[in-house]
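Let me begin by presenting the structure, written as structure tokens, before commenting on it.
The values are calculated or read from the model by the stated rules, or taken from the named source; none is laboratory data. Everything numeric in this text was worked out from a predicted model, so none of it was measured. No Cβ is skipped: glycine too gets one built from the backbone with ideal geometry, and neighbour counts run over all protein chains shown. Just the protein is used for accessible areas: all its heavy atoms, side chains included, with ligands, DNA and RNA removed. Shrake-Rupley method; radii C 1.70, N 1.55, O 1.52, S 1.80 Å.
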Amino acid sequence: MEAVWQWGINIIIAIQQVHGPLLDGFFTAITFLGDEQFYLVLIPAMVWCLDFRFGVRLAAFFLMASYINAGLKDLFQHPRPFVLEPGVKLAEAEGYGLPSGHAQSAIVVWGTLAARWRSTWLLGLAIALIVLIGFSRVYLGVHFPTDVLAGWAVGGILIAIYLAAQPEVERWLSKLNLWWQVSLALAVPVALVLVHPTKDAVTTLAPLSGAGLGFVLACRYVRFDPGGQWWRRLARFLLGIVVVLALYLGLKAVFPGEGSSLYLVFRFLRYALMGLWVTLGAPWLFSLLRLTGATKPA
């Protein structure tokens, strides 16, 4: 692999020959569109303001894909370019490099959005973001070109499987009784974390557990319509995201940090509560405050 890595470093060095403050700022902004924090905002916006069921499906797909990405990185254990050549580092990044999580997530999220709404402009935007996000990772020196290509390949395989299997899986799940739905929502993520008990696994599977539980209960007990006037949608988003950030940042400050024997347990709880809020707590509060699209009894 040394020859491939050296080839990748040469590509990065060649690209960075034209780098400067303006380009650095542009590609840092582009790479943010593939960060965890960006999806922490985008996916709740989908759930609360556009399409509740699709938003939850997108969240589940994205989180499972991220778990797979973390597992592949730990399996291959490929270094990042700046580990071998520190001078190419223009941004911070942790963990292993292959496959690129940013490149994979760009296909998973933007590809799924383009497949859902099937508009020319959205397809063009999706393609542009997929290419730019992947390129930004190479430009910033945090991924080899091969990492990005692998991320695109894995993302393409996953979205093909998702589009083919999602309708049948959803029909099967909808036929289960409440007890089985709740059990699966809680047990499957916990079992997968036990298979691969790492920080990244908890980060992806804990919100899946909370969101899955919340979705099951919300579909039965909460009347929520993500439509309505623009100001209702904006009010829902602002109110909901404040709580998401409070859980994300507030609980991080008070829960045990890395190094504690209970770190992963409390991290799981923190992220699970965020997922539960997005799919159950927030829709219930929006309905209570009459901020939903359906404001009159049927």
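Brief remarks on what is shown
- Residue within the stretch 229-240 that is of a type outside the set (Lys, Arg) and in contact with a Ser or Thr (Cβ under 8 Å, 6 or more places away or on another chain) present: no
- Checking Arg220 against (1) free of Cβ contacts under 8 Å to residues at least 12 places away in the same chain; (2) open to solvent by 80 Å² or more (accessible area, probe 1.4 Å); (3) part of a helix (DSSP H, G or I), the condition it does not meet: (1)
- Of all residues making up the stretch 191-217, the number that are free of Cβ contacts under 8 Å to residues at least 40 places away in the same chain and closer than 19 Å to Ser66 by Cα: 3
- Any hit, the stretch 66-73, residues being under 16 Å from the mean Cα position of the chain (by Cα), surrounded by 16 or more Cβ atoms within 10 Å (Cβ to Cβ), among the small types (Gly, Ala, Ser) and over 24 Å from Ile127 (Cβ atoms): yes
Residue-by-condition table, conditions (1) in contact with a Pro (Cβ under 7 Å, 6 or more places away or on another chain); (2) of a type in the set (Lys, Arg); (3) over 24 Å from Ala115 (Cβ atoms):
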position	(1), (2), (3)
Ala128	no, no, no
Val131	no, no, no
Arg137	no, yes, no
Leu140	no, no, yes
Asp147	yes, no, yes
Leu158	no, no, no
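Okay, residues lined up against (1) of a type in the set (A, V, I, L, M, F, W, C); (2) at pLDDT 95 or above:
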| position | (1), (2) |
| --- | --- |
| Glu92 | no, no |
| Ala103 | yes, yes |
| Ile107 | yes, yes |
| Arg116 | no, no |
| Leu122 | yes, no |
| Ser136 | no, yes |
| Trp152 | yes, yes |
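- Restricting the search to helices (runs of 4 or more DSSP H) fully inside the stretch 58-156 and requiring at least 1 residues that are within 20 Å of Lys199 (Cβ to Cβ) gives 81-84, 101-117.
- Qualifying residue in the stretch 128-136 (condition: touching a residue at least 12 places away in the same chain (Cβ under 8 Å) and aromatic (Phe, Trp, Tyr)): yes
- Put simply, of Val108, Val154, Val148, Val142 the only residue that is of a type in the set (A, V, I, L, M), closer than 19 Å to Arg80 by Cα and free of Cβ contacts under 8 Å to residues at least 60 places away in the same chain is Val148.
- Only one of Gly275, Gly293, Gly281, Gly259 that is farther than 21 Å from Pro189 by Cβ, open to solvent by less than 40 Å² (accessible area, probe 1.4 Å) and either modelled with pLDDT of 95 or more or not in a helix (DSSP H, G or I) (or both): Gly293
- Restricting the stretch 14-39 to residues that are touching a residue at least 12 places away in the same chain (Cβ under 8 Å), in a helix (DSSP H, G or I) and open to solvent by 30 Å² or more (accessible area, probe 1.4 Å), the residue that is nearest to Ala160 (Cα to Cα) is Glu36.
- Test result for Ala235, farther than 30 Å from Ala187 by Cβ and either open to solvent by 30 Å² or more (accessible area, probe 1.4 Å) or touching a Phe, Trp or Tyr at 6+ places or on another chain (Cβ under 6 Å) (or both): yes
- Per the listing Arg80, Arg53, Arg57, the residue uniquely closer than 20 Å to Gly156 by Cβ and of a type in the set (D, E, K, R) is Arg57.
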